[in-house]
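Every number in this text was worked out from the coordinates using simple rules, so none of it is lab data. Here the structure is a predicted model, which is why all the values come from computation and not from measurement. FYI the Cβ positions are ideal-geometry reconstructions off the backbone, even for glycines, and counts take in every protein chain you see.
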Amino acid sequence: MVLSHTEDAELVLDAMAYVEEIHRELTAENTAPPPGVEGRVVGTIVADPALAQYVRDWATRNRVLEASTEPPERPPIDDTYRRVRNLLIAAEGGEVKPR
């Protein structure tokens with residue numbers, strides 16, 4: 001992902017952590033999304049002020065940029081979670097099923 005000089009690097013890192021956490025829940029694997037997929041979903045989060053603020057708040061609560069022996073708090077399964085989950089599934093070429 002190429003960042004413009006105006007993008008907030010901390011927000012991008014927070015969004016990457018959030019996307020990776022949801023990806024782990026979807027796949028039950030401790031891996032990041034496939035190349036290109038994470039960047040598309042992170043780009044959508046950064047571009048949407050409501051999603052961006054939600055992710056910032058989640059990251060602040062979990063202090064995702066700090067080392068810890070504790071696992072991060074699972075993202076709550078709410079409308080934002082479902083939206084990002086659907087973005088991930090669609091970006092990976094899967095079919096989004098309503099829940």
Query raised in the report: Restricting the search to the range 43-59, which residues are β-branched (V, I, T) and either touching a Phe, Trp or Tyr at 6+ places or on another chain (Cβ under 6 Å) or over 11 Å from Y18 (Cα atoms) (or both)?
Result: T44, V46, V55
Report summary line: Looking across the range 37-69 at residues that are in a loop (DSSP other than H, G, I, E, B) and in contact (Cβ under 8 Å) with a residue 12 or more places away in the chain, the single one that is farthest from Y81 (Cα to Cα) is L65
Requested in this report: Would you mention how many residues in the range 15-33 are surrounded by 12 or more Cβ atoms within 10 Å (Cβ to Cβ) and outside any helix (DSSP H, G or I)?
Outcome: 2
